[in-house]
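Chemist: Here it is, the structure, as structure tokens.
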Amino acid sequence: MNSWHKVVILLVIISLMIGGGGYLLYKSKWVKPREAIAKQKEELVNAIEYGKASTKQIEAQTQQLQPLYTRSFPRQSADAALQYEIWLSQMLEFCNIRESQVTRGAYSNLRNLGLATQNFRVQAKCQLLDLTQFLYEFYWTPFLHRISTLDIIPQEGSDDLQVAMTIQGLTILYLTNPQQQFPLRDQLPLAAQAPQQLASGPFAAYKPLGELDVFRAVRTGVDQTALTRLTATPVITDDEGNEQKVTRWNLEAESRTISLKIGDVLKVGSFVANIADIDDNLVILRQQNGLLWAVPLGNKLSEAVAVPPNLF
């Protein structure tokens, strides 16, 4: 190979190296930076769109929550509790709820949720129609409150009911705007518009419910033991993992079922006895005077059979 051929080959090699290097330089200095810029732009556009969507969602949620803000208890907890106690006492009196006692319960600040709750306990006597009116007035009032428990005990031979209820009021502490008007700082929202919480508007639609004789078994002197049935004797496990047998009684007069274990008191009308023993198909009751009664599973309390003391 002569020198001229060597020169040509060398030039070709140099050209290839220059071309390859130029291509690499083009990729690293031109293509890749622009791809990175395009990717950053795409991420920025997506972030902007996500921000817009989130803002719209927050605005929509704020609009939905606005009626709740107008019904919230005042942010000052002491003012909220005192004013609500006054309102509640006046409403109980207005509805002819007698011998009422209002007790302030626990105040809980749920900081993670931006909420606070205040409990109240009410004990009183009334008739069913009066209780119906109170429930009507309660749920037509615009406050953010609810009745979390309601216990009704009919009085034997009387139209009166012994009533105990737990009421919970809610304060929205989280503010979407420091300048927003609601929740009020130290006043109940008495001027707020009440939401539609009941199916019908006028009290006349609910009055017939209060006139029903739903506690006729007590009022007419019907033997409540004939309306009480032993329905089950299951084995349950307590919180500590211990197993124990319990009794289940269906109180038809009160439309409820109770569970009692050995030592608990069963009180039905004028009949009072302790659970003395529980078998799979039988329960033994002991009265204070020493009398023993056996109630077979599935039978009524009125069908209890007397047990001689020497047999148990």
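Chemist: In the structure shown, do any of Lys125/Lys300; Lys125/Lys261; Lys245/Lys267 have a Cα-Cα gap over 28 Å, and if so which?
Modeler: In this structure, Lys125/Lys300; Lys125/Lys261 exceed 28 Å between Cα atoms.
Chemist: If you roll a 1.4 Å probe over region 102-168 with all protein chains in place, what percent of the accessible area is carbon or sulfur?
Modeler: That share works out to 45 percent.
Chemist: Rounded to the nearest percent, how much of the accessible area of region 247-309 (1.4 Å probe, protein heavy atoms only) is carbon and sulfur?
Modeler: 48 percent
Chemist: Counting only residues 5 or more places away or on other chains, whose amide H sits under 5 Å from the amide H of Leu282 once H atoms are built in the peptide plane?
Modeler: Those qualifying (amide H under 5 Å, at least 5 residues apart or on another chain) are Leu297.
Chemist: Can you give the FRET efficiency for Tyr206 and Glu99, using 1/(1 + (r/R0)^6), R0 = 35 Å, r = Cβ-Cβ distance, to the nearest 0.05?
Modeler: Once rounded, the FRET efficiency stands at 0.90.
Chemist: Given H placed on each backbone N at 1.01 Å, which residues far from Leu115 in sequence or on other chains put an amide H within less than 5 Å of it?
Modeler: When sequence neighbours closer than 5 places are left aside, the close amide H contacts are Leu110, Leu173.
Chemist: Does a label point 7 Å from the Cα of Ala232, set along Cα-to-beta-carbon, have any residues of region 249-273 with amide nitrogen under 14 Å, and which are they?
Modeler: 249-251, 257-260
The values are calculated or read from the model by the stated rules, or taken from the named source; none is laboratory data. Small disclaimer: the values here were computed from a predicted structure and weren't measured. Reconstructed Cβ throughout: ideal geometry from the backbone, glycine too, with neighbour counts over all protein chains shown. Side chains are part of the model used for accessible areas, which takes the heavy atoms of the whole protein and leaves out ligands, DNA and RNA. Shrake-Rupley method; radii C 1.70, N 1.55, O 1.52, S 1.80 Å.
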